[in-house]
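For reference, the structure discussed in these notes is given below.
The values are calculated or read from the model by the stated rules, or taken from the named source; none is laboratory data. Just so it is clear, the structure is predicted and the values come from calculations on it, not from any experiment. Here the Cβ is made from the backbone with ideal geometry for all residues, glycine too, and neighbour counts use every protein chain on show. Heads up: the accessible areas ignore ligands, DNA and RNA and are worked out on the full protein's heavy atoms, side chains in. Shrake-Rupley method; radii C 1.70, N 1.55, O 1.52, S 1.80 Å.
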Amino acid sequence: MPSLAIIIQEIAQEMAQAPDRGRVADYIPALAQVSAGHFGMAVVLADGTTHLAGDADVPFSIQSISKVFSLTLALGMVGDALWRRVGKEPSGSAFNSIMQLESEHGIPRNPFINAGAIVVCDHLLGHYEPREIIGELLRFVRSLVGEDTISIDAVVARGEQETGFRNIALANYMRGFGNIHHPVERVLGVYFHQCALAMSCRQLALAGRYLMAGGRNLATGRSVISPQRARRINALMLTCGHYDGSGEFAFRTGLPGKSGVGGGILAIVPGRASVAVWSPGLNEHGNSQLGTLALERLVQKTNWSVFEPAASRL
Ligand code: DON
């Protein structure tokens, strides 16, 4: 088996030449400006070794990947009470679908579809003002990475505020069922800013280490969340992290993963690695087309699937 460094360079070369790169998201104005030509990959191992390829240091809009971090914060604040207002099941529907909310009385299926993440923001607002919770989220992500340069892209956030009609509908619909307790514009203000977090693959892979390491922040050695909570978030990423494409992602990679419409994917190899890929072109489910292919290649070449016998892994 070639070395990991060689494997990652080979994957980057293949992705750089890939003809079918998917379609860049265009419903958020700033995202429509991003070139589909980008590809970046970062792999951070449990021993701290970092492998980078392509545009691994180019910041991009992490969008729905931010839902992993807001969920972690909310579980830290309200614990399992969260699960009274949002489910743990795959929706099998698109990330911004409103369909199930009527028959399920305003309770979203999971915290990774937009409706679920909006309820998580409402929970977080229970303890803070919008500006404070956005600051708390930024401090949290910066502490995971160990870098203070991470920021929120105000242009992206404003663009989403101006075009977020579906999210406004989702929030109002849930408020109608009593599952949103704060004014909708305040909840969505937090939600749009969290989605506008700008990070590079290298920073995202560093931020995901606590999910690889049983809840511990390897930079500080301190516990971020309990091992049980880390396991549960990884399980949700596997079953729900790619919306109605979660089955296919699990089938092809066998890894817990969370996607975003900016073309990023954060994937976790428990005990082994935290991996981030970025390619802005999306498939029909709104997940990075080449990001998914790159992770599939990585698993094929390393046997890192969680469904693989541990002994055969690189
Ligand atoms: O709310 C939205 O539609 C976007 N801010 C986030 C959606 C997203 O990233 C879906 N992921 N693939």
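Tabulated values for the structure
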read-out	value
Residues that are touching a residue at least 60 places away in the same chain (Cβ under 8 Å) and in contact with a strand residue (DSSP E or B) (Cβ under 7 Å, 6 or more places away or on another chain), drawn from segment 31-45	Leu31, Val34, Ala36, His38, Phe39, Gly40, Met41, Ala42, Val43, Val44, Leu45
Where Ala198 falls short, out of the listed (1) within 14 Å of the ligand (Cβ to nearest atom); (2) closer than 26 Å to Leu52 by Cα; (3) assigned to a helix (DSSP H, G or I); (4) open to solvent by 20 Å² or more (accessible area, probe 1.4 Å)	(3)
Residues within segment 144-178 that are open to solvent by 10 Å² or more (accessible area, probe 1.4 Å) and not in a helix (DSSP H, G or I), tallied	9
Filter result (open to solvent by 10 Å² or more (accessible area, probe 1.4 Å) and either closer than 18 Å to Gly178 by Cβ or not small (Gly, Ala, Ser) (or both)) within segment 95-105	Phe95, Asn96, Ile98, Met99, Gln100, Glu102, Ser103, Glu104, His105
Tabulated pairs, segment 124-137, first open to solvent by 20 Å² or more (accessible area, probe 1.4 Å), second among the acidic types (Asp, Glu), C-beta under 7 angstrom, 6+ apart or interchain	Tyr128/Glu136
Residue ID - surrounded by the most Cβ atoms within 10 Å (Cβ to Cβ), chosen from residues in segment 60-85 that are over 25 Å from His105 (Cα atoms) and within 14 Å of the ligand (Cβ to nearest atom)	Ile62
Single condition His105 does not satisfy, out of (1) touching a residue at least 24 places away in the same chain (Cβ under 8 Å); (2) assigned to a helix (DSSP H, G or I)	(2)
Test: residue in segment 106-113 that is more than 16 Å from the chain's Cα centre (by Cα), surrounded by fewer than 17 Cβ atoms within 10 Å (Cβ to Cβ) and not aliphatic (A, V, I, L, M)	no
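A quick yes/no check of all residues on (1) closer than 16 Å to Ile11 by Cβ; (2) more than 16 Å from the ligand (Cβ to nearest atom); (3) without any contact (Cβ under 8 Å) to a residue 40 or more places away in the chain:
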| position | (1), (2), (3) |
| --- | --- |
| Ser223 | no, yes, yes |
| Leu266 | no, no, no |
| Gly291 | yes, no, yes |
| Val299 | yes, yes, no |
| Ser312 | no, yes, yes |
